[in-house]
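To start, the structure itself, in structure tokens.
The values are calculated or read from the model by the stated rules, or taken from the named source; none is laboratory data. Since the model is a prediction, treat every value here as computed from it, not as a measurement. Because the Cβ atoms are built from the backbone with ideal geometry, glycine has one as well, and the counts that use them run over all protein chains shown.
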Amino acid sequence: MEREYKIGQHVVFVDPYGQRRDALVTIWWSGGQLIPAYVSQSGEPGCNLIVVSADEKKDDNYGRQTEHFSSVVHQSKQVAHGNYWCWPDE
């Protein structure tokens, strides 16, 4: 499994209902530090994501609409059952 901190990286977003959804990263948040330095000190960074809507009613001429989620933390930093990201093999 490829784990890279790049824009467009495939990750899994666990929505507020606990459903796993494929997502793409639009930006990584590292507190102004380089990602490797941030990860070694604080664990995985947060990110903003884009996912295809799970709502079947959100279809249009271009297909299913997308949804954006911002400031999403890694599962290791989230105490709730959803609203976090993880790597596909986690």
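Brief remarks on what is shown
- When residues in segment 48-88 are screened for being touching a strand residue (DSSP E or B) at 6+ places or on another chain (Cβ under 9 Å), without any contact (Cβ under 8 Å) to a residue 24 or more places away in the chain, outside any strand (DSSP E or B) and among the basic types (K, R), 1 of them pass.
- If you go through segment 14-48 and keep only what is within 11 Å of the chain's Cα centre (by Cα) and either surrounded by fewer than 11 Cβ atoms within 10 Å (Cβ to Cβ) or small (G, A, S) (or both), you end up with A23, G46.
- The set of residues in segment 15-40 that are modelled with pLDDT of 90 or more, of a type in the set (G, A, S) and not in a loop (DSSP other than H, G, I, E, B) contains only A23.
- Just one of the listed residues (V11, V79, V72, V51) is loosely packed, with under 10 Cβ neighbours inside 10 Å and either of a type in the set (G, A, S) or out of contact with any helix residue (DSSP H, G or I) (no Cβ under 6 Å at 6 or more places or on another chain) (or both), and it is V79.
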